[in-house]
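First the structure, in the form of structure tokens, and then the observations on it.
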Amino acid sequence: PARGEELIGRLKYGGGGDWYANPTSLPNLLEFAAKHTNLDLPVRETTVEPASRELLSFAFIHATGHGRIRFTEAERKSLREYLLGGGFLHVDDNYGLDEHFRPEVKKLFPDKQLVELPFSHAIYHCFFDFDGGLPKIHEHLGGPPHGYAIVHQGRVVLFYSYNTDLGDGWESEEVHHDPAEKRTVALKMGTNLL
């Protein structure tokens with residue numbers, strides 16, 4: 001990467017889930033955030049595996065999918081070291097990931113709980129304001145979206161967006177035919193995460 005450029009990664013996880021889902025989402029988010037902030041962002045994501053030595057080079061890792069997600073013991077150790085050492089992981093349930101992801105979080109952080117962040121949390125206000133928490137992008141389960149986190153020493157190290165499908169909102173218009181307003185609100189929330 002160019003000097004000062006932050007690396008943004010798509011997490012290539014095991015277990016059989018479609019880690020590669022929403023291929024236009026991160027490029028669109030990076031383009032939107034570059035236009036609206038002074039963040040030094042790459043123009044594209046880089047795929048990274050959980051046990052990769054390169055993991056520590058990333059400022060932000062994104063994971064999504066519809067199904068199974070599983071980490072090996074070595075991958076858990078590597079991810080935990082990355083997150084506790086200053087890294088950030090955003091996991092976006094693309095519908096179907098939840099039942100597989102929650103047990104993995106317990107193995108990843110047996111000493112911590114996934115907690116729902118209050119709407120007053122900085123993640124909802126650091127650039128764009130979301131007074132009601134996460135925006136609802138796609139309807140899967142009914143009910144409101146939820147933003148959960150693993151917090152270490154006061155810092156959110158993992159943010160889990162559930163029942164919203166932010167990544168679908170980051171995708172190009174022709175993929176899901178979402179209206180511009182819905183895509184914009186999803187991109188704004190993604191910018192806050194970045």
Next on the checklist: Can you pull out every residue in the range 170-194 that is in a loop (DSSP other than H, G, I, E, B) and more than 16 Å from H66 (Cα to Cα)?
Outcome noted: S172, H177, D178, P179, L194
Checklist entry - Would it be correct to say that H100 is closer than 24 Å to E174 by Cα and open to solvent by 10 Å² or more (accessible area, probe 1.4 Å)? => result no
Next on the checklist: So, K112, is that one farther than 25 Å from Y20 by Cβ and in contact (Cβ under 8 Å) with a residue 12 or more places away in the chain or not?
Outcome noted: yes
Checklist entry - Given (1) of a type in the set (A, V, I, L, M); (2) farther than 18 Å from I150 by Cβ; (3) open to solvent by 10 Å² or more (accessible area, probe 1.4 Å); (4) touching a Lys or Arg at 6+ places or on another chain (Cβ under 9 Å), where does L114 come up short, assuming only one miss? => result (2)
Checklist entry - Which condition breaks for K12 when tested against (1) out of contact with any helix residue (DSSP H, G or I) (no Cβ under 6 Å at 6 or more places or on another chain); (2) crowded, with 17+ Cβ neighbours inside 10 Å? => result (2)
Checklist entry - Which of (1) outside any loop (DSSP other than H, G, I, E, B); (2) out of contact with any helix residue (DSSP H, G or I) (no Cβ under 6 Å at 6 or more places or on another chain) is the odd one out, the single condition E139 does not satisfy? => result (1)
Next on the checklist: Pairs please, first residue from the range 8-21 and touching a residue at least 24 places away in the same chain (Cβ under 8 Å) and more than 18 Å from D168 (Cβ to Cβ), second anywhere and of a type in the set (S, T, Y) and surrounded by fewer than 20 Cβ atoms within 10 Å (Cβ to Cβ), Cβ atoms under 6 Å, 6+ apart in sequence or on different chains.
Outcome noted: G9/T46; K12/T47
Next on the checklist: List pairs: first residue in the range 125-147 and within 22 Å of F32 (Cα to Cα), second residue acidic (D, E) and crowded, with 16+ Cβ neighbours inside 10 Å anywhere in the structure, Cβ distance under 6 angstrom, at least six positions apart or on different chains.
Outcome noted: I137/D165; I137/D168; H138/D165; H138/D168
Next on the checklist: For the range 142-164, which positions are of a type in the set (S, T, N, Q) and in a loop (DSSP other than H, G, I, E, B)?
Outcome noted: Q153, N163, T164
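Here is a check on your reading of the model: is G65 surrounded by 18 or more Cβ atoms within 10 Å (Cβ to Cβ) and closer than 26 Å to E173 by Cα?
yes
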Checklist entry - For the range 134-173, what are the residues that are among the hydrophobic types (A, V, I, L, M, F, W, C), within 17 Å of F88 (Cβ to Cβ) and open to solvent by 10 Å² or more (accessible area, probe 1.4 Å)? => result L134, V151, V156
Checklist outcome for this item: Per the list (1) in contact with an Asp or Glu (Cβ under 7 Å, 6 or more places away or on another chain); (2) part of a helix (DSSP H, G or I); (3) at pLDDT 95 or above, residue check on G167 breaks on (3)
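The values are calculated or read from the model by the stated rules, or taken from the named source; none is laboratory data. Owing to the predicted nature of the structure, the values given are computational and were not obtained by experimental measurement. FYI the Cβ positions are ideal-geometry reconstructions off the backbone, even for glycines, and counts take in every protein chain you see. SASA here: full protein model, heavy atoms, side chains in, ligands and nucleic acids out. Shrake-Rupley method; radii C 1.70, N 1.55, O 1.52, S 1.80 Å.
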